[in-house]
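These notes are about the structure you will find just below.
All of the numbers you see were taken from the coordinates with simple rules; none came from a lab. Owing to the predicted nature of the structure, the values given are computational and were not obtained by experimental measurement. Quick reminder, even Gly has a Cβ in these numbers, built from the backbone with ideal geometry, and neighbours come from all protein chains shown.
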Amino acid sequence: MKEDHHEFLDILFFTPSEFERASGAWPLRIGRNIAKSNYHIGPRTTPYHYLLFVLEGEGTFIQNGQRYSLRARDAFCLFPHVTHEYWTDPEQPLQKIFIAFDGAYAAELLSRIGLSSDNPYRSGVLTPETASNMRSFMEDVRKPQDSASDLGRLIRFLGLFDRIARSPATKDLQPDVATPWLQKGKEYIELHFAGGISVEGVSAHAGVDRTHFAKQFRKAYGLSPVQYIQQLKMNQAKLLLVQTTLSLTEVAHSVGYPDLFSFSKAFKKQVGLPPNRYRTTSTEQKRD
């Protein structure tokens, strides 16, 4: 650790790659410190999100005009461009471990562990496992020859939030981000329609009874779930027939049919033409 006038500090800086910047959030620095009795930060702002955990000691944190007492195992977050201030109790100097990060979904990550700009502090959420994982993260990237790749950094970074979010200390603090069950089922169909899904599987994913799901789906969207799956399959098949040179069998397999016969039968029933005729007709129309 390096010593300055008010703390001992061990900090590692990252330069995010283009790949990291294309993701929702990425780490910028990670570190830990031991405060001296005169330790006092701010008032100031930061351009990034900082998530800080108290390892030992006591202190005070102020942000958005709210004052919080800091103790071991507490977490607090510095939000970008928001004035903050924090300092140690001279008799019980703070020891902290922290990570700074950026990205469009940085605030969403924090919400997964119960933190927001309105609620930047939580007591008693640091577990020994989280502290150990952060120290391990630091050691993995400390030496240039052993430093994690950009993918490795992202894995460690997002894995850290995943472990915190699943910990008993934070899982009850997360906001309700549940998608309405009907929308959840519809989105599941749109993602997996070519994967052999069933209405039973979709309704189970949505968390409701199959009959209730099918009834409410038809009421909301004008089609039964089976009809909607079929429609998505046929729309995708038409695109593949016109825009690719895949064989009919390959198209059938691509949209979830086990063989050409069942695909051709379903396609003709839905579209009004067999798939080979549809391809020929559509190609001729494009030429004209």
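Which of TRP181, TRP26, TRP87 moves the most in a Gaussian network model of the chain with Cα springs under 10 Å? Result for the chain, Cα springs under 10 Å: TRP181 fluctuates most. Of the residues TYR86, TYR48, GLY24, the one whose Cα sits farthest toward the positive end of the charge dipole of the chain, with +1 on the Cβ of Lys and Arg and -1 on the Cβ of Asp and Glu, is GLY24. Per residue, the chain reaches -13500 deg cm²/dmol at 222 nm when only DSSP H runs of four or more residues are counted, each adding -39500 (n - 2.57).
Pairs of alpha carbons in the stretch 2-170 separated by more than 21 Å make up 45% of all such pairs. Quick one: of LYS186/LYS265; LYS184/LYS286; LYS184/LYS238, which pairs are farther than 28 Å apart, Cα to Cα? Over 28 Å apart, Cα to Cα: LYS184/LYS286. Per residue, the convex hull around the alpha carbon atoms of the stretch 180-285 comes to 101 Å³.
Once Rg and Dmax of the Cα atoms in Å is calculated for the structure shown, the corresponding label among [x] 22.7, 71; [y] 17.5, 61; [z] 27.1, 86 turns out to be [z].
The GluC sites (Glu not before Pro) of the stretch 61-117 that meet both conditions, a loop assignment by DSSP and at most 13 other Cβ atoms within 10 Å of the site Cβ, are GLU91. One chain, two ends: ALA104 and SER247. Fully extended at 0.36 nm per residue, the span grows by 47.3 nm beyond their Cα-Cα distance.
Efficiency by 1/(1 + (r/R0)^6): what FRET value for LEU182 and LYS2, r their Cβ-Cβ distance, R0 = 51 Å, to the nearest 0.05? Calculated value: 0.35. Note on the chain: with a GNM built from Cα contacts shorter than 10 Å, the maximum mean-square fluctuation among ALA204, ALA35, ALA72 falls on ALA204. Between LYS286 and ASP259, the contour length at 0.36 nm per residue exceeds the Cα-Cα span by 6.9 nm. Placing pseudo-labels 7 Å out from each Cα toward the beta carbon at SER69 and LEU12 gives an inter-label distance of 3.5 nm.
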